[in-house]
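Notes for the one structure printed next.
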Amino acid sequence: MQDFLPIYITNVSVGNPPQPVSLLLDLTENPVVLPSCQCEYSCEEGYHRYNSSLSSTYRPDGRFMGAKWGGVNYWGHVSRDTIHFADVNVPEQLFEEWTQATCYTFFCIRGGSESGFDGFLGLAPPWNRGRHSDVSNTLSLLLSNKLLSSPTFSLKLPRSPVDEGELRFGTSNPPLHASPPITLPVVNATGEDQSWAADLWNVAATHITFNTPIPLHQSLPTNHIALFDSATPWLILPSALARNLTEVVGASPGPYWFYNVPCSRRPELPTLTFGLGPGGGRNFTISGFDYTYEIDIPHIGLTCITTFQSSGEFYGDESEVTTLGSAFMKRFYSTFDMEKREIRCESFQMENGLLLLLLLSTKWFGALPPLFC
């Protein structure tokens, strides 16, 4: 199953001399997590495993650490070394060097050659005090070491398997910009049932409208928030709305737990608008091509699945959180400002020949040659 879910990765390197790794981007997590050459359990082939003995800048930390992602528990220890992001070098980066990995759900997403990623790059806000906040994340170190020309990073997700995205630290990419950016202040989760989303990239959410001939409109409570999450493909919506949208587009159950629509119908699907920001909110509209994914499922073939998911299946109907996964984010160029605590979003135009800081790709694309220990 993990071979066809859209997950976005970038290539970086660790240590001196540099050891290449492919990291999955996650806006909701703090730490960097890497597979270790000292693996003890679940040591599948295909990972680029970090070998501390080969790095002149490695320093042991000694603390035990555990992290969770994609239904997998990663256990290991904290290490310290330099991480290289293109021409930006982050010294003294703390990260988890995992030595054991176990699935704790029926469906889990492992890394390695099958998925195209080795570990995770946490891009939660520097002020986040959630899990592993005692291990300085990359953004905090970029700021404290004054490595950025401005306290921002910009993210463009690939819109298709043949498209390339970008991650830029300290700058954005003006040639991509097609319209003035809309500024969204970052807000904190205030509800008791929103505590899990505290100190993340949240903005106010005011309404959601499905633009059918008779629009399907839902106003949201004043404390409702929308969470930007690059590591999930889904739009996690209020449960009743998710069910209604699934029914209105005529989606059928399957395969597996997905819902699907005929791929030929994607051009005629209604647009979906999210009202985001203070006051009455500003409208952000995505198309049927955005909220459906065309994937090639083994033994089934080309299938178009919808991304509507019920909040009740993830974190309960009372939490008043909408998650804007890559189905939403791939439609916009997003700049995250860590000083002003705001997100600036704008639609973009595809262009060729871009000079990028870091290229992103979906996980279907080329893995680096394995680094053997």
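Just so it is clear, none of the values below were taken in a lab; they were calculated from the coordinates. Every value quoted in this text rests on a predicted model; they were computed, and no experiment measured them. Methodologically, a virtual Cβ is constructed for each residue, glycine included, from the backbone with ideal geometry; neighbour enumeration extends over all protein chains shown.
In a reduced charge model with +1 at each Lys and Arg Cβ and -1 at each Asp and Glu Cβ, the chain shows a dipole moment near 480 debye about its Cα centre. Its residue count N sets the reference 2.2 N^0.38 Å, and the alpha-carbon radius of gyration of region 89-213 equals 1.31 times that reference.
Based only on other Cβ atoms within 10 Å, what is the fewest-to-most ordering of Cys304, Cys263?
Numbers: Cys304 21, Cys263 12.
Fewest-to-most ranking of Cys304, Cys263: Cys263, Cys304.
How much length, in nm to one decimal, is gained on full extension between Asn188 and Leu54, taken as 0.36 nm per residue of separation minus their Cα-Cα distance? Working shown, then result.
Working: separation 134, 0.36 × 134 = 48.24 nm, distance 4.22 nm.
Stretched fully, the Asn188-Leu54 segment lengthens by 44.0 nm.
Take every pair of alpha-carbon atoms less than 8 Å apart whose residues are at least six positions apart; their mean separation over the length of the chain yields a relative contact order of 22 percent.
Between Asp87 and Glu247, the simple spin-label model (points 7 angstrom out along Cα→Cβ) gives 5.6 nm. For the pair Leu216 and Ser144, a Förster radius of 41 Å applied to the C-beta separation gives a FRET efficiency near 0.30, rounded to the nearest 0.05.
Order of Leu245, Leu220 from fewest to most other C-beta atoms within 10 Å?
Details: Leu245 24, Leu220 20.
Arranged by neighbour count, lowest to highest, Leu245, Leu220 become Leu220, Leu245.
Within the chain, what's the longest run with no trypsin sites (Lys or Arg not before Pro) in a DSSP loop and at most 11 other beta-carbon atoms within 10 Å? Give the range, please. Longest gap between qualifying sites, sites excluded: 147-373.
R0 = 22 Å: FRET efficiency of Tyr104 with Asp317, Cβ-based, nearest 0.05? Provide the component values of the computation, followed by the final result.
On the way: r = 24 Å, r/R0 = 1.09.
So the FRET efficiency works out to roughly 0.35.
Note on the chain: percent of Cα-Cα distances in each 10 Å bin, starting at 0 and stopping at the bin with the largest distance, equals 5, 24, 34, 26, 10, 1, 0.
Please arrange Phe95, Phe64, Phe210 by counting, for each residue, the other beta carbons lying within 10 Å of its beta carbon, fewest first. Please list the in-between numbers first.
Numbers: Phe95 28, Phe64 10, Phe210 21.
Placing the least packed residue first, the sequence is Phe64, Phe210, Phe95.
Simple point charges give the picture: +1 on the Cβ of Lys and Arg, -1 on the Cβ of Asp and Glu, and for region 179-346 a dipole about the Cα centre of about 500 debye.
Enumerate by residue number the GluC sites (Glu not before Pro) in region 1-99 meeting two conditions: DSSP loop (anything except H, G, I, E, B), and at most 10 other Cβ atoms within 10 Å of the site's Cβ. Working shown, then result.
Numbers: sites: Glu29, Glu40, Glu44, Glu45, Glu92, Glu96, Glu97; in loops: Glu29, Glu40, Glu44, Glu45.
Counting only loop positions with at most 10 other Cβ atoms within 10 Å, the GluC sites (Glu not before Pro) in region 1-99 are Glu45.
Pairs of Cα atoms in region 215-311 fall into 5 Å distance bins, from 0 up to the last occupied one, in shares of 2, 11, 22, 25, 19, 11, 5, 3, 1, 0 percent. Here r is the Cβ-Cβ distance between Thr171 and His299 and R0 is 35 Å; the resulting FRET efficiency, rounded to 0.05, is 0.20. Annotation for region 282-298 versus region 176-211: alpha-carbon center distance of 19 Å. Stretching His207 away from Cys263 to a fully extended chain increases their span by 17.4 nm, per 0.36 nm per residue minus the current alpha-carbon distance. Projecting the alpha carbon convex hull of region 144-236 along each direction and taking the average yields 9.4 nm². In terms of its Cα atoms, region 40-141 spans 37, 33, 28 Å along the principal axes, sorted from long to short.
Across region 179-346 the C-alpha pair distances fall into 5 Å bins from zero in the proportions 2, 9, 17, 23, 20, 14, 9, 5, 1, 0 percent. Considering Cα pairs under 8 angstrom that are at least six residues apart, work out the relative contact order of region 178-320 and quote it in whole percent. Here the relative contact order equals 28 percent.
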